[in-house]
Structure formats: structure tokens, C-alpha cells
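Engineer: Dumping the structure here so I can ask a few things about it.
No value in this document is a laboratory result; all are computed from the given coordinates. No experiment lies behind these values; they were computed from the predicted model shown. All Cβ positions, even for glycine, are placed from backbone atoms using ideal geometry, and neighbour counts span all protein chains on display.
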Amino acid sequence: MLRGSCLCGAVSYTAAGPVESASHCYCTMCQKQHGAASGTYANVARAGLTIERGEDFVTEYASSSHACRAFCRQCGSTLFWRSEESPERIAVTLGTLDTPFTDPVEIELYADTKPSWLPLANPD
Ligand SMILES: [Zn+2]
Ligand SMILES: [Zn+2]
């Protein structure tokens, strides 16, 4: 069972396992929405996702004809990504998890638009 919440705490959720996959998505829409190099997600069964608190704060933005991105309207935390092309699945953002997530992130999506400023140019 994964448990997560947004930055302001208005929204909390649980996602029943198992996690089918975890991915870093470097598409330009994820970069814009997250304000970061990627969106990072765990792909779970939509039927197992429960908004435990703050459902009124969860707002969706349709970023394409098939995909919706959910965020907290109070603090802006990105929470979920879902597509009508796979209605039985939903992706939860790893950064909002409060429970440990120790599985490896093994998938990179849209690596062709990965920013040149990743990884560190001068590690150490
Ligand atoms: Zn919030
Ligand atoms: Zn993306």
C-alpha cells in the first residue's frame, strides 16, 4: 500500500499495490507541469486509488485529447496522471509519496527531450 499527500497536506491518498512499473518521463509537458527535468511516476491500478482527504482540492487539467493531470489547487503539487487510452491504470507521482518506495525506476520515457543539464555536469 502506497500512501501520499500534497505539499500543503490538504490532499492525501492511498494506492493499493502492486506497482506495475515506475518511470521518469522527460516529455516537455511533464517538464512544464512539474517545473523540473521530469515527472516521475508509479503506475498502479486506478481501482486501487483512494483519495483519503481533500478530494475537493484535486483539480484536473486535460493536457491532451486523452490525458489528464491532477494537482492540488491550493499548493500546486502534481499528484496523478491518467489516460483514457488505459482507463484501468493511473500514475501517481513518486515525489508525493509518504511511504518508502524502494523499487528501482527502470523506465525512461521521452529520453530524446531529456534536458542537457541532466545529469550533473561535474559530479563530486
Ligand atoms: Zn496541497
Ligand atoms: Zn511526460
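Engineer: Give me D98, D112, D124 sorted ascending by neighbouring Cβ count inside 10 Å, so fewest comes first.
Structural biologist: D124, D112, D98
Engineer: Further question: Classify the stretch 1-46 as rounded, prolate or oblate, taking a ≥ b ≥ c as the square roots of the eigenvalues of its Cα gyration tensor: rounded when a/c is under 1.5, otherwise prolate if a/b is larger than b/c and oblate if not.
Structural biologist: Here the stretch 1-46 falls in the oblate category.
Engineer: Which whole-Hz couplings ³J(HN,Hα) result when phi for each residue of the stretch 63-80 is put into the Karplus expression 6.51 cos²θ - 1.76 cosθ + 1.60, θ = phi - 60°, listed in order with x for Gly and Pro?
Structural biologist: Using θ = phi - 60°, the values come out as 8, 7, 5, 10, 10, 10, 10, 9, 8, 7, 6, 8, 10, x, 4, 7, 10, 9 Hz.
Engineer: Count the net charge of all other residues whose Cβ sits under 15 Å from the Cβ of R3, scoring Lys and Arg as +1 and Asp and Glu as -1.
Structural biologist: -1
Engineer: Hey, another quick one. Could you tally the net charge around G39, taking each other residue with its Cβ under 11 Å from the Cβ of G39, Lys/Arg +1 and Asp/Glu -1?
Structural biologist: +2
Engineer: If Lys and Arg each add +1 and Asp and Glu each add -1, what is the summed charge of the other residues whose beta carbon sits under 11 Å from the beta carbon of R69?
Structural biologist: Charge balance in the 11 Å sphere: +1.
Engineer: Does the stretch 2-113 come out rounded, prolate or oblate, given a ≥ b ≥ c as the square roots of the eigenvalues of its C-alpha gyration tensor, rounded meaning a/c under 1.5 and, failing that, prolate meaning a/b above b/c?
Structural biologist: Rounded, because the longest to shortest axis ratio a/c is under 1.5.
Engineer: Further, regarding this structure: Using only the Cα atoms of the stretch 30-77, what are the Rg and Dmax in Å?
Structural biologist: For the stretch 30-77, the Cα-based Rg and Dmax read 11.8, 29 Å.
Engineer: Another question, if that's okay. Sort the following peptides by mean Cβ neighbour count (other Cβ atoms within 10 Å, averaged over residues), highest first: 101-107, 65-71.
Structural biologist: Final packing ranking: 65-71, 101-107.
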